[in-house]
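These notes concern the structure reproduced below.
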Amino acid sequence: MKMLLNGQWVDRDDKIDVIDPFDNSVIDTVPSANAEDCELALASAVKGFEVTKKMTVYDRAQILFKAANLLSERLEEFATIIAREGSKTIKEARKEASRCVNTITCSAEEAKRILGETIPWDSFPGGEKRRGYYYRFPIGVILAITPFNDPLNLVAHKLGPAIAAGNSVILKPATVTPLSAIKLVEVLLEAGLPENAIQVVTGYGSVIGDPLVSDERVRMISFTGGVEAGKHIAGKAGIKKIGMELGSNSPVIVWKDADLDLAVESCVSGSFWAAGQNCIGVQRLLIHKDIYDEFKKRFIELTNKYKIGDKLKEDTDMGPMITEKEAIRVENWVKDAVDKGAKILTGGTREGALYAPTALENLSSEATIHCEEVFGPTVNFYKIDDLDKAIAEANSLPYGLLAAIFTSNVDVAFKAAYDLDCGGVMINDSTDYRLDSMPFGGVKYSGLGREGLKFSLQEMTEPKVICFNLPNI
Ligand code: NAD
C-alpha cells in the first residue's frame, strides 16, 4: 500500500514489509517515509486546514456518517486486515471493526454538539455594558500517532474527532500495522473528505517522529503508545497541545463476596484479549484470601481451555504476540520473576511469537513483571485480606489507567471507586471494558488528557471569546 501526501498516494523505493506474526508471511509493503516526506505532509496539512476550518458542521458530520456506513458494509474485509497484520484473532478483529463504526458515528454526532456559552459579563463591576459569548474553534494541524494493538479503532479515535472538529490531520500509523489505518483513510476519502484534510505518513517513529513532532505547524499531538515513546515525544514537542494515551499494569480486586463465575470469566478474557497486548488488559489480580484457591482453580481451568494459534480460524481464542522479539521479552520477564521466587500456575511456554496464556503467583516486588507494563499474555496473582491494603497495593505503581473490583457489597464498591487512583473504575467487570464514547485516559504515567469522542473534541478545539462593548445600551 502507499502513503498519502498532498492528495496523492505515493510510494518510495525504501519500503517496510508488513508481516503476519503467525506465519511470518509478508502481507504487503508500505513506503518508509523520510524527512522530505514529512515536510510535504506538513505543508499539505496546513493547506488542508484552510479548507477544513471553513467546512460546515453539517458537511463534516455527513462525511463521517457516510464513512461509518461504508465501513459497516465492509466489516469482514476490515476484520481480516486487522487479524492478518496484527495479533488479534478473527473474532477479536470483528469486534474492533464494529467498534470503529461506532467511533466514527459518535464523532459525527458529537460534531453537532460543539457548543459555546454566553458569558455573565455583568458579574463583576465594569462589565455591565458588555455582551458576548464563546464558541469553540478547530486548532489546526493534528498529528495522530497510533500503536499496533488496535490498528483500526484507535486510529478512528483520532481521525473521527479531528475531522468532526474541523482540523486537518497527519496520521503516522504504527510501523508494524499500517494497513487497517490506510484502508480507513481510503474510506474517509470515498466519503468525501477533502484531499488535503488528511496525510498518511508511514515509516519508523525513530526516523519521522522528530521532524513531525517538533514542527511548529503541528498544533496538537494526539499520541497513543508506550511511556518511553511518550516521554521522548513530550521532550521534543515544544509549545503545542499534547494528548497522551499510554500504558498501564491494571489492577483488579476480587473481593470475598464476588460472583466468582463472572469474575473468572471476565478476568481470563481481560488478561488474554489480543494476547494481552491491551492497554487495559488485566495484569494484577488482587484476590481475597477466602476465595483465592477456588478462584485460582477455576481461572486455570478456563485458561487451559484456550485455543492458541491461527488467528483466522473461527475457534482460535488467542493469537501470537506482535513479533517473536516481544514474545522473547515476555519469556525473559517471566524467567526473571521465577528467579525471584514466583511460581508459574499455568503457561510459561513459547513457540515463536506464540506465548502461552500464563498466570504467576508469589511475585517479588522486585520482579519487572510486577512493576512494569507487561503488554503480553501473563497475569499476576496476589492474596489480600484487607481492602485498604489492597487499594494501596493497586495504587503503588506509577500507572493508573483503569482499575476494577468484583464485589456484591455496595460500600466496598464505592470505597474502591473513590480510592483507586486511575482514570476509571469498573465494578463487576475486569479493567478490559471500554465504551468508545466514555472519557478515557489515565493518571501518572498512563497519560495526559482524555479521549472518547466528546472529550477528544474538547481537546481538539479551543474556546474563542467574542465580546461586544455596547456603551449605548
Ligand atoms: P510504541 O510507543 O512503541 O509506538 C506507538 C507509536 O509511536 C507507533 O506509531 C510508533 O511508530 C510511534 N513512535 C515510536 N517512537 C516514536 C518517536 N520517537 N516519535 C514519534 N513517534 C514514535 O507503542 P506500541 O508498541 O505500538 O503500542 C503499545 C503501547 O501502547 C503500550 O504501552 C500500550 O499500553 C499503549 N497503548 C495505550 C492505549 C491507551 O489508550 N492508553 C491504547 C493502546 C495502546
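Here are some notes:
- Residues in the range 84-118 that are farther than 16 Å from Leu188 by Cα and crowded, with 23+ Cβ neighbours inside 10 Å: Arg84, Glu85, Gly86, Ser87, Lys88, Thr89, Glu92, Ala93, Glu96, Glu110.
- Pair list, Cβ < 6 Å and 6+ apart or interchain, from the range 447-467 residues that are more than 16 Å from Phe223 (Cα to Cα) to residues that are crowded, with 19+ Cβ neighbours inside 10 Å and β-branched (Val, Ile, Thr): Glu462/Ile139
- Test: residue in the range 364-376 that is surrounded by fewer than 16 Cβ atoms within 10 Å (Cβ to Cβ) and touching a Ser or Thr at 6+ places or on another chain (Cβ under 7 Å): no
- Ala337 meets the conditions (1) under 19 Å from Gly247 (Cβ atoms); (2) in a helix (DSSP H, G or I); (3) within 26 Å of the chain's Cα centre (by Cα) in every case but one. The failed one is (3).
- Any hit, the range 59-82, residues being under 19 Å from the mean Cα position of the chain (by Cα) and within 30 Å of Asp210 (Cα to Cα): yes
- Matching residues, the range 218-263, being hydrophobic (A, V, I, L, M, F, W, C) and out of contact with any strand residue (DSSP E or B) (no Cβ under 9 Å at 6 or more places or on another chain): Ile239
- In the range 423-436, the residues that are over 23 Å from Pro398 (Cβ atoms) and crowded, with 18+ Cβ neighbours inside 10 Å: Asp429, Asp436
Read-outs throughout are calculated quantities, based only on the coordinates presented, and are distinct from any laboratory measurement. Keep in mind it's a predicted model, so treat the numbers as computed, not measured. For neighbour counting, all protein chains shown are included, and Cβ atoms are generated from backbone atoms with ideal geometry for every residue, glycine included.
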